[in-house]
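I have placed the structure first, in the form of structure tokens, so that the comments after it can refer back to it.
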Amino acid sequence: MGDRFSRICQAVMLLLVLFLAACNLSDYRLPAHDRAPRNRPIQVREDSYTSSQACQSCHPHNYSTWYGSFHRTMTQVADADTVAGPINQPFSFLGQTFRLLRHGRDVWFQMDNAGPGGQPRRLRLAMITGSHHMQVYWYATGHSRKLGQIPYIYLIEEQQWIPRNATFLTPPAPEIKSALPGAWNMACIKCHTTQGKTRSPEWGRSKVALTDLSFDTRVAEFGIACEACHGPGEAHVLLNRNPLRRYGFHLNGTPDPSIVQPARLSHQLSSQVCGQCHAILEFYEKDDFQQWLDHGYPFRPGQVLSESKLVVRLQDRLQPRLQQLAKRKPTYWEEKFWSDGMVRVSGREYNGLIETPCYLRGELSCLSCHAMHQSPEDPRPLSRWAVDQLKPGMRGNQACLQCHDSARFDTPAHTHHPPASTGSRCYNCHMPYTTYGILKAIRSHQIDTPTVQASLQTGRPNACNQCHLDKTLDWAASRLEAWYDVPKPKLSREERSVAASLLWLLRGDAGQRALMAWSLGWDSARQASGSDWMPPFLGQLLEDPYDAVRFIAARSLRRSEAFADWNYEFFGPTQVREAAHQEVLKRWRGLPHEPDRPEVLIDAEGAVRRHLQERLLRQRDDRVVNLAE
Amino acid sequence: MEPDSTPTSAEIATATYLRRHLRFGWWSLLCFLTLGIVLESLHGFKVGWYLDVANETRRFMWTLAHAHGVLLSLVNLAFAVTLPHLAADTVRLARLASPCLMGATLCLPGGFLLGGVVIHGGDPGLGILLVPVGALFLFIAVLLTARRATALRKPASSQGPEATPSGPRKREGRRRRR
């Protein structure tokens, strides 16, 4: 009896040991693509990438804060949980009606009457790009893993659908167009996934048209996941199955060399981790492009970014590769930079950072102000931190006072503004809203000092006039001269007499008009400038030829209490826009506003000086502006 | 002949172990139930040091400490109740199984508790080293007890009087007479 019992015990123990050994030795990676759909890009764990799932158990806090960030949801598989657009709420553009429908977990985009015989045409949503400001929906084309774009984009905060071309500052187009099929596989994948590989076998063959390319697109992970910033984690995961190794690092406090920790890199290298996406980059050679198509980016965190990608800077424009690009597309530079080389499009903050003296001569990096994982000590809700991923206190002057002397710079003697006012904030003067993207103005990440001279040379709004919207360039130049000995430039009659904001708004290019349309809705500027004079000029922008400018102007207009309920069809025909403008003027005339303000073109009777406004409008810079993200 | 009412040394020892485990089981049950109440209070007051995701490991460890502590306390009580029913050499069993079981009741939940005090991300503190020691103690105690339980005969109806609760005592008496 005893012997038999012992044998059973031994057998059980042996089985247990074998089971544990098998668990430990077995490859924990399952072939992710075996059961994956065949009609859209898929996630595959290869090239030493393991996915965030492997990080969660050892780094629960970091995983959780990343999970709550918009980096994770940059790309998602579309289903009932992830689609933000309202279900079965029709919307119309150009006489056609659309709606989202739900069948089980699937979400479909229906175009009423678009199918044969007036039947509805339905497309099942496969993927989503974006989750913070807007969602772009993609469907499976049925041709390899190629995705097609739904031509309407859902704005999350506004809870509104808009045509896809209206989300970018692009020249007016007669029709609503979606991106070419395959645009996700070729373009979005670069920065909206972790280690994406387009994999198009026909690419480069002369007889295959772009639209006929097939794709076997795969990524390490949808969204910007752990390994985008820490590098491939397979070795780290395997090595740290050994508890002795883990506790060795815990007790010694030494960093684990099997994984990259951006916070421990130099300020240049850590910023380049962010720069792999937040920069204007080009391939050096055609072969590099082919290499990326097949195998993904060769850049890994901790490496020098410029070794694998060309970081585009205006000062390098004579470089043969950049000359080649500029020759192919004459507007190449102006679509990305102001004429002095400061970046003017959003999402390219690294380009601004590397031109900043604090980076060049100091140790400023992205991580000086931003944290990719919310600190456990940060009292803000995760959702609040996720908006801009700023460290605690970095919304105030603390960001700069980490290095700069508060006694010298954080005083009215330097700021010339009351201590608690928005004008005393370092970033309101040194990081004004001069980049454009996703239907708004975004702070420049090239930290510099405001000058009127730069505004005259480049057309870029200076910080003074972007907040003091009712003041002239002459006023700003005089203040800068008196306070900081900045030489006052020579100004024209209009620059001395008309508010700079109106000059940019009425005679600027579409990029300047978009920035002004946004600035007239910026609370700080409205407080500093008064807002009673603004509606006629925002009304003028409701007739702007650029969809995005009209959209932003309407949004700013609704900031005024009298227009909070303003219903404006920004994508309507010309007559609708003109009628909207007239309606704004009519309503504004009935509102109290201060008369005799010549800088903002208000005469002694409180009416707009139409002749001057129209004269400035005739000077409008109508060159084609294309500020894509 | 009058039955011998004087307790044997084995009976005395068994009674001693029984009392010890009853006492130990009930008091440890009280301790670990109290720990449970403390943990519930931490939930009630939403204490970040316990509930935040960054402290997920601590929460897990202390939950395990509570669960293992309560369960092992009950095992102590079960052990105490089981002792008189086991075969003749109860004392020999108890001499080893009893300290092992008590050691396990201290080491297993204690290891989880201490392991949760200082945590390293997803790893508990070094106190967790007590857990495998406790697990080994528990394994030995349960193995010994299970073996003794296996040695029990079937009930009297099929196997005769020896399988009754008084069976071991009779065997003990026979041995002494010899």
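Quick check: is even one residue across the range A:545-566 part of a loop (DSSP other than H, G, I, E, B), open to solvent by less than 10 Å² (accessible area, probe 1.4 Å) and within 24 Å of A:Ala500 (Cα to Cα)?
Checked the range A:545-566: no residue is part of a loop (DSSP other than H, G, I, E, B), open to solvent by less than 10 Å² (accessible area, probe 1.4 Å) and within 24 Å of A:Ala500 (Cα to Cα).
Would you say A:Gln315 is surrounded by fewer than 20 Cβ atoms within 10 Å (Cβ to Cβ) and over 29 Å from A:Tyr427 (Cα atoms)?
no
Tally up the residues in the range A:38-70 that are more than 14 Å from chain B (Cβ to nearest Cβ), open to solvent by 50 Å² or more (accessible area, probe 1.4 Å) and either of a type in the set (Gly, Ala, Ser) or out of contact with any strand residue (DSSP E or B) (no Cβ under 6 Å at 6 or more places or on another chain) (or both), please.
Adding up the residues that qualify gives 5.
Going by the conditions given, is A:Ile224 part of a loop (DSSP other than H, G, I, E, B) and closer than 26 Å to A:Ser69 by Cα?
For A:Ile224, the condition - part of a loop (DSSP other than H, G, I, E, B) and closer than 26 Å to A:Ser69 by Cα - is met.
Say we look at the range B:40-64 and pick out the residues that are of a type in the set (A, V, I, L, M) and within 14 Å of chain A (Cβ to nearest Cβ); which of these is nearest to the chain's Cα centre (by Cα)?
If we take residues in the range B:40-64 being of a type in the set (A, V, I, L, M) and within 14 Å of chain A (Cβ to nearest Cβ), then B:Met61 is nearest to the chain's Cα centre (by Cα).
Select from the range A:293-313 the residues that are modelled with pLDDT of 95 or more and among the aliphatic types (A, V, I, L, M) and list them in ascending order.
Those that are modelled with pLDDT of 95 or more and among the aliphatic types (A, V, I, L, M): A:Val304, A:Leu305, A:Leu310, A:Val311, A:Val312.
Pairs, please: C-beta under 6 Å, at least 6 apart or cross-chain, first residue within 18 Å of B:Leu93 (Cα to Cα) and in the range B:126-140, second surrounded by 20 or more Cβ atoms within 10 Å (Cβ to Cβ)?
B:Phe137/B:Cys100; B:Phe137/B:Ala104; B:Leu138/B:Ala104; B:Ile140/B:Cys100
Among the helices (runs of 4 or more DSSP H) lying completely within the range A:242-300, list those that include at least 2 residues that are within 14 Å of chain B (Cβ to nearest Cβ) and not small (Gly, Ala, Ser).
A:243-252
When you check A:Thr458 against the structure, is it touching a residue at least 40 places away in the same chain (Cβ under 8 Å) and over 18 Å from A:Pro412 (Cα atoms), yes or no?
So A:Thr458 fits the description; yes.
Could you check how many residues of the range B:65-75 are over 9 Å from the mean Cα position of the chain (by Cα) and either open to solvent by 10 Å² or more (accessible area, probe 1.4 Å) or modelled with pLDDT under 95 (or both)?
Here the count works out to 4.
Of the conditions (1) under 27 Å from A:Thr331 (Cβ atoms); (2) among the β-branched types (Val, Ile, Thr); (3) at pLDDT 95 or above, A:Ile438 clears all except one; give me its number.
The single condition A:Ile438 does not satisfy is (3).
Filter the range A:438-459 down to the residues that are under 20 Å from the mean Cα position of the chain (by Cα) and part of a loop (DSSP other than H, G, I, E, B) and list them by number.
Scanning the range A:438-459 gives A:Ile438, A:Leu439, A:Arg443, A:Ser444, A:His445, A:Gln446, A:Ile447.
Kindly indicate which of A:Phe249, A:Phe215 is in contact with a helix residue (DSSP H, G or I) (Cβ under 7 Å, 6 or more places away or on another chain) and among the aromatic types (Phe, Trp, Tyr).
When all the criteria are applied, what remains is A:Phe215.
Being open to solvent by less than 20 Å² (accessible area, probe 1.4 Å) and assigned to a helix (DSSP H, G or I) is the filter here; which residues of the range A:525-536 pass it?
Listed by number, the residues that qualify are A:Ala525, A:Ser529, A:Pro535, A:Pro536.
Matching residues to (1) in a helix (DSSP H, G or I); (2) modelled with pLDDT of 95 or more:
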position	(1), (2)
B:Pro3	no, no
B:Trp27	yes, yes
B:Thr63	yes, yes
B:Leu77	yes, yes
B:Leu83	yes, no
B:Ala87	no, no
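Which one of B:Leu138, B:Leu129 is surrounded by fewer than 22 Cβ atoms within 10 Å (Cβ to Cβ), over 16 Å from the mean Cα position of the chain (by Cα) and either part of a helix (DSSP H, G or I) or of a type in the set (Asp, Glu) (or both)?
From the options B:Leu138, B:Leu129, the qualifying one is B:Leu129.
The values are calculated or read from the model by the stated rules, or taken from the named source; none is laboratory data. None of these values were measured; they are calculated from a predicted model. We place every Cβ from the backbone using ideal geometry, glycine too, and count neighbours over all the protein chains shown. SASA here: full protein model, heavy atoms, side chains in, ligands and nucleic acids out. Shrake-Rupley method; radii C 1.70, N 1.55, O 1.52, S 1.80 Å.
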